[in-house]
1. Below 9 angstrom from the Cβ of Cys125, what's the summed charge of the other residues (Lys, Arg +1; Asp, Glu -1)?
2. Give the angle, between 0 and 90 degrees and rounded to the nearest 10, that separates the Cα long axis of helix 70-80 from the longest principal axis of the Cα atoms of the chain.
3. Where does helix 287-298 land angle-wise versus the long Cα axis of the chain, in degrees 0 to 90, nearest 10?
4. Compute the signed sum of charges (Lys and Arg +1, Asp and Glu -1) over the other residues within less than 11 Å, Cβ to Cβ, of Asp141.
5. Lys247: which lysines have alpha carbons under 19 Å from its alpha carbon, excluding same-chain residues fewer than 8 sequence positions away?
6. Taking H placed 1.01 Å from N in the peptide plane, check which residues at least 5 places from Gln27 or on another chain put their amide H under 5 Å from its amide H.
7. Under 15 Å from the Cβ of Tyr199, count the other residues' Cβ atoms, weight Lys and Arg +1, Asp and Glu -1, and hand me the total.
8. Which residues' amide hydrogens lie under 5 Å from the amide hydrogen of Leu86, considering only partners 5 or more residues apart or on another chain, with H built in the peptide plane?
Amino acid sequence: MNIAIITGSAGLIGSQAVRFLSDKFDQVVGIDNNMRAYFFGENASVDWNRRRLEDEVNNYRHLEADIRHYDVIEKIFRDYGNDIKLIVHTAAQPSHDWAAKEPITDFSVNATGTVNLLEITRLVCPKAVFIFTSTNKVYGDTPNRLPLVELDTRWEIAEDHKYYEHGIDEEMSIDHCKHSLFGASKVAADVMAQEYGKYFDMNVGVFRGGCLTGPNHSGTQLHGFLSYLMKCAITGDHYTIFGYKGKQVRDNIHSYDLVNMFWHFYQNPKQGEAYNAGGGRHSNCSMQEAISLCEMITGNKMNYSYSEDNRVGDHIWWISDVSKFKNDYPEWDWKYDLKDILEQIHEEMAGRKL
């Protein structure tokens, strides 16, 4: 048998991976204990998504387990042994602000949990492909040192700084900067994933996501930018813009497009390679621009205010340069742009009545 194991399987990227891979593997095993509800409250629960996967994906098996519990995860892996061909690790504590509330929990989930999975993979199924969903926050606030110019609705890279015209690539240092505690715990996991690939010659890919988004996101104020923004546009709930005049820029990649990157990597894996993974110049927006799009799609005027205090370690301008991945996997390309993403989020939220 060919088995794929997905951690965080009821979350945004995990659930997309389950659906994407379900016709490519004999069985897809999901590991998720709904810690998102613990992090962000019941409104962020992914139980609705887990139930839908169990109902709709015939070869999906859901296991409620915690990646911090080595013995539990090891037993799951040993039950399948060398039939495991792919591990997609998406489980994480994903918020800057939340990490500062419980640093030990944040680190144990993001760093220790990742090392547990890497070591168990090495011992049980070392030939499997291991994909780690990292983050652009490993670069900390270094991108904020780039020469930026202020335009009407966004910050943009200065015209005389052509090196970054396609976005930020993997050559940017991840050292000597402020990451936030969340960013630091993901750095630890990111570097360990690379090391397992290079030191043990394992098939490990590290994907440093920009804003990962799509219709299956349980967005909250602390995590899930576009999803939470659209939710507020629909309900009239208040939204707060934090700093940078609301002109901070994010690239946004649909969960399908990211998982499709994983699939291309799986078919021709490398050992400990790291890739920036985002919407690039194809799909990006500022906060102001995103609000305008949400208002246009919903027909509602948003209820929002502005706070001068930006989030610690937050980026003023982030656009991913995905050239490295495209050079290695030239058949991959984006399927969805920003408007597609927001329209899908709107349709999904209306369908499940939030």
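All of the numbers you see were taken from the coordinates with simple rules; none came from a lab. These numbers were taken from a predicted model, which means no experiment stands behind them. Cβ sites come from the backbone with ideal geometry, for glycine too, and all protein chains shown count toward neighbours.
1. The answer is +2.
2. 60
3. For 287-298 against the chain, the angle is about 80 degrees.
4. Net charge around Asp141: +3.
5. Lys137, Lys301, Lys339
6. Asn2, Ala4
7. In short, -2.
8. Under 5 Å from the amide H of Leu86: Ile3, Ile5, Val129.
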